[in-house]
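In what follows, a single structure is set out as structure tokens and then discussed.
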Amino acid sequence: MIPTLLSSQRNFFVFSIACLLGLLPLTTYAQNYYAPMQAPQGANHTEVKLPIQVEVEFKLAYPKAIDVYWECEYGTTYTASFIDTTVMNITYDTNGNLQYTEAQMTANQLSATITANVNKRYAGWQIMNARAITDAKKALSFNVLIQKEDKPNSYDLTYDQQGNFICSSPPLPKIVQ
């Protein structure tokens, strides 16, 4: 009886932790429009059925990629998350055409123009992470995730290649110009 009771208490504890961990991604998603990019460890197993064109194009572009995690959005785009020289997301349409590439960056890797703009516009907000995004036409832009210690939400700022501010998602109140 005692071993069974201890076992059930341990199982309840493990179940409770699993439930809490299962809710964390929902909280992160609700507060951050995107969570920091991470290629999952050991992600070779995926349930996504890839169109052959997507699989071929990816393998041609990244023949040495391992631990690739695939996601399908609305059956129209397929995104591979993996680690190359940095954490990468590569998105293809159903025909295998590259839509865009995202590469994770640190705040220190952003241009001084972008960093200065963030500090001026959003004084007191901290840069949480950044991404360099290259679209199919090789146009480069930057997404910067900012958060303020006393605020529950974070905001995604978009800048062009020259460091010009494009927009905030969602719009921030009282933006200093």
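The values are calculated or read from the model by the stated rules, or taken from the named source; none is laboratory data. Quantities reported herein were computed from a predicted structural model and do not represent experimental measurements. All Cβ positions, even for glycine, are placed from backbone atoms using ideal geometry, and neighbour counts span all protein chains on display.
Numbers at a glance
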{"read-out": "Number of positions in segment 106-137 that are of a type in the set (D, E, K, R) and more than 20 Å from the chain's Cα centre (by Cα)", "value": "3"}
{"read-out": "Verdict on T91 being in the same structural domain as I66 (by TED's automatic domain parsing), among the hydroxyl-bearing types (S, T, Y) and closer than 22 Å to A65 by Cβ", "value": "yes"}
{"read-out": "Which numbered condition I127 misses (of (1) in contact (Cβ under 8 Å) with a residue 40 or more places away in the chain; (2) in a strand (DSSP E or B); (3) farther than 29 Å from D93 by Cα)", "value": "(1)"}
{"read-out": "Some residue of segment 76-96 being of a type in the set (G, A, S) and surrounded by fewer than 16 Cβ atoms within 10 Å (Cβ to Cβ)", "value": "no"}
{"read-out": "Qualifying residues in segment 130-168 (those that are of a type outside the set (D, E, K, R) and outside any strand (DSSP E or B)) - the one farthest from I90 (Cα to Cα)", "value": "P152"}
